[in-house]
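The values are calculated or read from the model by the stated rules, or taken from the named source; none is laboratory data. Every value quoted in this text rests on a predicted model; they were computed, and no experiment measured them. Positions of Cβ are generated from backbone atoms using ideal geometry, with glycine treated the same way; all protein chains shown enter the neighbour counts.
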There are 2 protein chains.
Amino acid sequence: MNISDAAQASGLPPKTIRYYEDIDLVKPDRGANGYRDFSDVDVHNLTFLARSRALGFSIDDCRKLLALYQDKSRASGEVKKVAEGHLAEIEAKIADLTAMRDALAHLVHCCHGDDRPECPILEGLGTRRAGQM
Amino acid sequence: MNISDAAQASGLPPKTIRYYEDIDLVKPDRGANGYRDFSDVDVHNLTFLARSRALGFSIDDCRKLLALYQDKSRASGEVKKVAEGHLAEIEAKIADLTAMRDALAHLVHCCHGDDRPECPILEGLGTRRAGQM
DNA sequence: ATAGGGCTTCCAGTCACTGGAAGGTCAAGA
DNA sequence: TCTTGACCTTCCAGTGACTGGAAGCCCTAT
């Protein structure tokens with residue numbers, strides 16, 4: 001299977017697949033013409049990677065997860081540890097963004113947004129307060 | 001004022017302040033010895049930048065906001081437009097992360113996480129389903 | 001005089017791609 | 001058979017917003 005078919009099947013762009021080969025996440029065969037030749041297993045692994053990335057796992061985590069995926073004698077506790085760590089990061093990011101959103105929404109709410117120069121948003125940015133930041 | 005004092009006062013690391021000068025966000029004077037010499041206005045602008053960044057505005061947005069901040073005849077509508085655009089981005093990011101969290105939390109919840117190899121997390125990543133992704 | 005800390009510049013690295021250039025390969029149609 | 005256009009290849013550079021580190025100048029205190 002050529003790269004564009006593998007891309008189609010996995011949902012990853014060809015560029016990304018080449019990059020993943022570059023960093024040794026996948027190792028497709030090569031045809032006599034030098035073209036990459038993806039097996040079903042390769043495509044399956046790419047799909048696994050696509051989904052892991054879609055859940056926000058770092059490439060490093062993906063590497064670990066893929067190794068665990070291929071190790072039929074893994075301990076599921078290992079997997080859960082990686083996933084829980086990532087889950088905590090996501091929760092933290094959501095908390096950060098929510099605080100940002102609240103502060104910003106407050107500023108936006110206070111600004112009438114017309115042709116006059118008075119602007120609580122700029123005042124808030126220039127003089128503290130307006131939430132905790 | 002030397003750079004480390006400006007850093008102290010603004011809350012930005014010296015490296016970041018140099019970077020901001022590099023990309024023309026601030027233009028501190030120079031002393032005879034070549035050292036940067038930050039005026040109160042410079043420090044004030046750096047503080048403005050630190051707060052804008054803390055609210056997640058991109059450097060590009062910060063540049064616009066800083067220009068509006070310095071333009072005493074701006075229309076507050078301009079500012080509000082930038083802020084609302086950014087607010088929408090934050091909301092979108094929160095929505096993405098929340099969907100990720102829910103899908104991942106579901107997988108984590110299903111995994112007993114012990115020494116056995118059976119792992120719903122890996123199965124979920126390998127075979128679709130498990131939320132929508 | 002020297003030791004230390006702070007200042008300067010410049011280069012490289014981060015993360016995970018992404019765009020683009022230059023060139024080889026393949027299948028279909030004239 | 002030739003050509004066209006869509007593939008494929010590699011390699012290099014750029015993204016955003018810093019950050020680390022090296023090499024070297026400057027200032028103050030002892």
Quick one: in segment B:51-67, of everything that is under 18 Å from B:LEU87 (Cα atoms) and among the hydrophobic types (A, V, I, L, M, F, W, C), which residue is nearest to DNA strand D (Cβ to nearest atom)? B:ILE59
How many residues are more than 14 Å from A:GLY56 (Cβ to Cβ) and facing another protein chain (nearest Cβ under 7 Å) when one looks only at segment B:87-127? 14
May I ask you to list the residues in segment A:86-133 that are acidic (Asp, Glu) and at pLDDT 95 or above? A:GLU89, A:GLU91, A:ASP96, A:ASP102
Of the residues in segment B:29-60 that are more than 16 Å from DNA strand C (Cβ to nearest atom) and surrounded by fewer than 11 Cβ atoms within 10 Å (Cβ to Cβ), the one that is nearest to the chain's Cα centre (by Cα) is B:ASP60
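If a residue has to be more than 8 Å from every other protein chain (Cβ to nearest Cβ) and within 12 Å of B:LEU122 (Cβ to Cβ) to count, how many in segment A:72-86 make the cut? Outline the logic, then answer.
Initially, segment A:72-86 is screened for residues more than 8 Å from every other protein chain (Cβ to nearest Cβ), giving A:78, A:82, A:85.
Filter once more, keeping what is within 12 Å of B:LEU122 (Cβ to Cβ): A:78, A:82.
Looking only at that region, the number is 2.
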How many residues does segment B:25-50 contain that are under 28 Å from A:ARG101 (Cα atoms), away from DNA strand D (no atom under 12 Å from the Cβ) and either modelled with pLDDT under 95 or not β-branched (Val, Ile, Thr) (or both)? 4
